[in-house]
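Note sheet for the following structure.
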C-alpha cells in the first residue's frame with residue numbers, strides 16, 4: 001500500500017470544499033472574566049455583549065439559553081463534521097457535551113472562580129448526520145462542592161430523541177491562579 005501526504009492527488013477525490021470563518025480576540029472576554037460571576041459571563045456571551053469563544057465558531061455551535069445550573073448549545077451538523085464513515089465525528093459530539101457540562105458548572109460559580117474538566121464519560125446512542133438536523137446539547141449541574149462539581153450533558157435532536165449522553169467532573173479554582 002502506498003502512503004501519500006495530505007494535499008497530494010491521492011487525498012483529493014471529488015470536489016473540494018472550502019470553509020472560512022472568523023473569531024474574536026479572546027482578550028476581551030478574559031479581561032471581563034475576573035469581574036463577573038459565571039452566569040453573568042455566560043449571559044453576556046449569549047446576549048452578544050462578549051464574543052463567542054473560538055471553539056464555538058470553529059464547530060458552528062451557538063449558545064441557545066442559559067440559567068443557573070444549566071445551559072443549552074445548538075449546532076446544525078455539516079459535512080465538515082464527518083468522520084470517514086459519513087457520520088458526525090464523536091470528538092465533535094464530545095466537544096458539545098463537554099462544553100455543555102462545563103458551562104453548566106460555570107453558571108453556578110461566583111466572581112473570581114473558574115473550572116476545568118477533569119474527565120468526560122460519553123455514551124453515543126445514535127449516529128448523527130446532516131439528515132439529523134439541528135442538535136441541542138443541554139448541560140446540568142448534578143452536584144457542586146467547593147473544589148469539584150459533577151455535571152451531565154444530553155445531546156438530543158429536534159424530536160428530543162437522545163443521541164448521546166455524558167457526565168463530567170470539573171475542578172473548581174480561583175481564576176487569579178490561571179497562568180501563575
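The values are calculated or read from the model by the stated rules, or taken from the named source; none is laboratory data. Nothing here was measured: the structure is a model prediction, and the numbers come from that model. Here the Cβ is made from the backbone with ideal geometry for all residues, glycine too, and neighbour counts use every protein chain on show.
Within the group 84, 110, which residue is touching a residue at least 24 places away in the same chain (Cβ under 8 Å) and either outside any strand (DSSP E or B) or crowded, with 22+ Cβ neighbours inside 10 Å (or both)?
Exactly one of 84, 110 is touching a residue at least 24 places away in the same chain (Cβ under 8 Å) and either outside any strand (DSSP E or B) or crowded, with 22+ Cβ neighbours inside 10 Å (or both), namely 110.
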Could you figure out which of (1) loosely packed, with under 12 Cβ neighbours inside 10 Å; (2) in contact (Cβ under 8 Å) with a residue 12 or more places away in the chain; (3) more than 20 Å from residue 45 (Cβ to Cβ) isn't true of residue 159?
(2)
Going by the structure shown, is residue 142 part of a strand (DSSP E or B), more than 17 Å from the chain's Cα centre (by Cα) and either touching a residue at least 40 places away in the same chain (Cβ under 8 Å) or surrounded by 13 or more Cβ atoms within 10 Å (Cβ to Cβ) (or both)?
yes
Restricting to the range 155-180, and then to whatever is in contact with a helix residue (DSSP H, G or I) (Cβ under 8 Å, 6 or more places away or on another chain) and over 19 Å from residue 132 (Cα atoms), can you tell me which residue is modelled with the lowest pLDDT?
176
Among (1) over 24 Å from residue 148 (Cβ atoms); (2) surrounded by fewer than 19 Cβ atoms within 10 Å (Cβ to Cβ); (3) in contact (Cβ under 8 Å) with a residue 40 or more places away in the chain, there is one condition residue 52 misses while meeting the rest; what is its number?
(3)
For residue 126, are the conditions met, namely being modelled with pLDDT of 95 or more, within 21 Å of residue 64 (Cβ to Cβ), outside any strand (DSSP E or B) and in contact with a strand residue (DSSP E or B) (Cβ under 8 Å, 6 or more places away or on another chain)?
yes
Give the range 20-37 a look and list any residue that's free of Cβ contacts under 8 Å to residues at least 40 places away in the same chain and buried (at least 17 other Cβ atoms within 10 Å of the Cβ), or say none.
29
Conditions: (1) assigned to a loop (DSSP other than H, G, I, E, B); (2) free of Cβ contacts under 8 Å to residues at least 40 places away in the same chain. Residue 77 meets all but one. Number of the miss?
(2)
Residue by residue through the range 87-100, note down the ones that are surrounded by 17 or more Cβ atoms within 10 Å (Cβ to Cβ) and closer than 21 Å to residue 159 by Cα.
87, 88, 92, 93, 94, 96, 97, 100
If we scan the range 38-47, do we find a residue that is modelled with pLDDT of 95 or more, crowded, with 16+ Cβ neighbours inside 10 Å, under 16 Å from the mean Cα position of the chain (by Cα) and not in a helix (DSSP H, G or I)?
no
Since residue 30 meets every condition but one in (1) at pLDDT below 95; (2) assigned to a loop (DSSP other than H, G, I, E, B), which condition does it not meet?
(2)
Looking at the range 57-71 only, could you name the residues that are out of contact with any strand residue (DSSP E or B) (no Cβ under 7 Å at 6 or more places or on another chain) and under 20 Å from residue 154 (Cβ atoms)?
66, 67, 68
